[in-house]
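Okay, so here's the structure we're looking at.
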Amino acid sequence: MRQFDVPLDRPLADPQIREVAYWLNFASPQVVKFHIDPVGRATIRVWSADDADPEDVGRKIRATVTWSVDGQQSDNGADDARLSVRVGVPRGPAPLDPNDAVAAGVLTPLGIADVVIGEPLVTLIRLLDDAFRELATGFGATQAAYSSLLSVDYLERLRYFDAFPQNVLFPVHLTTDIDTAQQYVERTLDSEGRPPRDGFEGFAPRDRVLAPAACFHVYQGLEGRQLATDTAITTLGRCYRYESRNAMLIERLWDFRCGK
C-alpha cells in the first residue's frame, strides 16, 4: 500500500469537510482510505494500491474536491446552510449504536450495504408505515404503487445523470437472441457455473435504471396533465442508490424503502 499527501488549492471550510469526505469515496477505485487534515484542512493523506500513480490519484482527488465544493454547493445557496446545520449544530441525544442491534441479533450483516432486519424492527417499521399512511390520507392523499424501474430517457430530461451519476444502478439483461443465450450458457458451463459479467457483448442496451427515489414515478405519472385542484399522492416503494464505502450497516443502503 502506498501513502502520500495531496495538497489542495485552498483550505476547506469546516462545514465542507463532511460533504467532501462523502464524495472522495467516488474519486478513484485505487484509493483504499484517506484522511483530511482537520487542522489546516488543505491536505488529504491518501493510502492507495501499490500500483497507483500518485499524480493521477492526486488529480482525481483535487477534481473531486473542486466538484463537490464548487459544483454542488454553488448551484444552491441553501446547501451551505444545510451543511452548517448538519455538521455544526447538535441534534439532541446521541443516536443508538446499531452495533448493539447486531449483538442482539436484531440486525444481521450479509455484506456491504446488505443486512437482514429482524424483530422487533420489522414490526416497528410496519407500524410506522401504517402511521404515515394514515397521516397522509388525513391530508386527502390517495395511494399509488409504482414499479422499481424508470426509463433512462425520463431521468435524462430531469438531468439526474448530471447531478448524481455515482448513485445510478442499471439493471441488465441479455438481448432476445437464441445465439446470444446459447453463448452465455456455454461460457457459464465452461466457467463451472460462473456467468460472464464483463466483456460479454450480448447484453441489451441499458435503457432502464433502478429508481433512485420514490418521487420520480409520481411526477412521471402526472406528466402532461393539468391538475384542477391540489393533489396529494402517497406511495411506498423500493429505491436503489450506489453509495460506495459510505454504506454502513443500515445507513445508505443500495436497496431501501422510501415513502412519499
Can you pull out every residue in the stretch 101-115 that is open to solvent by 80 Å² or more (accessible area, probe 1.4 Å) and at pLDDT 90 or above? none
Of residues in the stretch 180-229 being touching a Cys at 6+ places or on another chain (Cβ under 7 Å) and of a type in the set (A, V, I, L, M, F, W, C), the one surrounded by the fewest Cβ atoms within 10 Å (Cβ to Cβ): Ala213
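Could we say that Gly199 is part of a loop (DSSP other than H, G, I, E, B), farther than 29 Å from Glu243 by Cα and either touching a helix residue (DSSP H, G or I) at 6+ places or on another chain (Cβ under 9 Å) or free of Cβ contacts under 8 Å to residues at least 40 places away in the same chain (or both) here?
Judged against the criteria, Gly199 is not a match.
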State all residues of the stretch 152-189 that are under 20 Å from Gly224 (Cβ atoms) and more than 18 Å from the chain's Cα centre (by Cα); if no residue qualifies, say none. Asp153, Tyr154, Arg157
Return yes when Leu155 is of a type outside the set (Asp, Glu), assigned to a helix (DSSP H, G or I) and surrounded by 12 or more Cβ atoms within 10 Å (Cβ to Cβ) and no when it is not. yes
Restricting to the stretch 22-36, and then to whatever is of a type outside the set (A, V, I, L, M, F, W, C) and under 17 Å from Pro54 (Cβ atoms), can you tell me which residue is most open to solvent (accessible area, probe 1.4 Å)? Pro29
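Only one of Ile250, Ile233 is hydrophobic (A, V, I, L, M, F, W, C) and within 26 Å of Gly105 (Cα to Cα); which?
Ile250
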For Gln143: the one exception among (1) of a type outside the set (Asp, Glu); (2) under 23 Å from Trp254 (Cα atoms); (3) in contact with a strand residue (DSSP E or B) (Cβ under 6 Å, 6 or more places away or on another chain): (2)
What number goes with the only condition from (1) within 11 Å of Thr234 (Cα to Cα); (2) modelled with pLDDT under 90 that Thr142 does not pass? (2)
Only one residue in Ala136, Ala63 is closer than 27 Å to Cys239 by Cβ and either open to solvent by less than 70 Å² (accessible area, probe 1.4 Å) or at pLDDT below 90 (or both), so which one is that? Ala136
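The values are calculated or read from the model by the stated rules, or taken from the named source; none is laboratory data. As the structure is a computational prediction, the values presented were derived from the model and not from experiment. Counting neighbours? That spans all protein chains shown, and the Cβs are built from the backbone with ideal geometry, glycine included. Please note that ligands, DNA and RNA were not included when accessible areas were found on the heavy atoms of the full protein model with its side chains. Shrake-Rupley method; radii C 1.70, N 1.55, O 1.52, S 1.80 Å.
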